[in-house]
Structure formats: C-alpha cells, structure tokens
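Let me begin by presenting the structure, written as structure tokens, before commenting on it.
Nothing in this text is a laboratory measurement; each read-out follows from the coordinates by a stated rule. What you are looking at is a predicted structure, and each value in this text was computed from that prediction instead of being measured. Backbone-built Cβ (ideal geometry, glycine too); neighbour counts: all protein chains shown.
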C-alpha cells in the first residue's frame, strides 16, 4: 500500500513538473511564476544534479525535499485555471523534455566551485 501511494505521488509530481515546464512558456503566466516554474522545471529536467546522488544524505535531499517543495511553491504561483490546462496537456504529452541549459549551468557551478577550492588550497599552502 505504501509503495502504491509512493508511485502515485511520483506520477503526479512528474506530471506537475511537465505542467510547470509548459506554464513557464505560456504568456498568461505572471513573470514571477514563470521565473520559479522555469527554474524548478529546468533543474528537475536537467540530466545532472547540483548535489550528486552519491554524496550521502545530501545527494537525495534535493530529490526528496527541495525539488517537491519548489514544485509546490511554483504550482501555487501559477493561476489555477492555467495550471489545470497545463496539467491536461502534460497528461497527454508523450515526450519528456530535457534541459541542456540547466545542465550547462550546473556544470559551470561545479567548475567554479572547483576553481575556488583549488585557489583556497593554493593560498593556504603557499
């Protein structure tokens, strides 16, 4: 029973994520809702995680806590009638988009963090 509810919850989250991706591209969505919905959808659809899953506890924190909270907040900002329309479109969509731009941003953040770490180590050891 618990697994069935978890699977249902995951299906709803996937549908809502795709609906947010659609809402972020709709001109009727307010700018602040577009910004948050676009950011949440881009991060979730990115093939690369900001916090890799192999890092104990923190690796799954974004997938299990931060991402669902971001989705819930973005859903509240999108007008209800528009969200319902986007959910209908998302339910009938066959293709799940990927966010290459978000993946590139995440890779850039990791490179910048590595450069900062190397610089700090250089300054410390010098």
In degrees, nearest ten, helix 100-125 long axis to first principal axis of the chain (Cα): 20
For the range 2-125, the spread of Cα positions along each principal axis, largest first, Å: 59, 39, 24
For peptides 43-51, 55-63, 76-84, sequence by mean Cβ density within 10 Å, most packed first: 43-51, 76-84, 55-63
Angle in degrees between helix 2-24 and the longest Cα principal axis of the chain, rounded to the nearest 10: 90
Using a Förster distance of 35 Å, the FRET efficiency for residue 25-residue 108 (Cβ separation, nearest 0.05): 0.90
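Relative contact order (percent) for the chain, with alpha-carbon contacts under 8 angstrom and 6 or more residues of separation? Display every interim value, and only then the final one.
Details: 104 pairs, mean separation 43.6, N = 126.
Reported relative contact order: 35 percent.
Subtracting the Cα-Cα distance from 0.36 nm times the residue separation, let me have the gained length for residue 53 to residue 32 in nm, one decimal.
Numbers: separation 21, 0.36 × 21 = 7.56 nm, distance 2.96 nm.
Gain in length upon complete extension: 4.6 nm.
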The chain: angle of helix 31-45 to the longest principal axis, Cα-based, in degrees nearest 10: 70
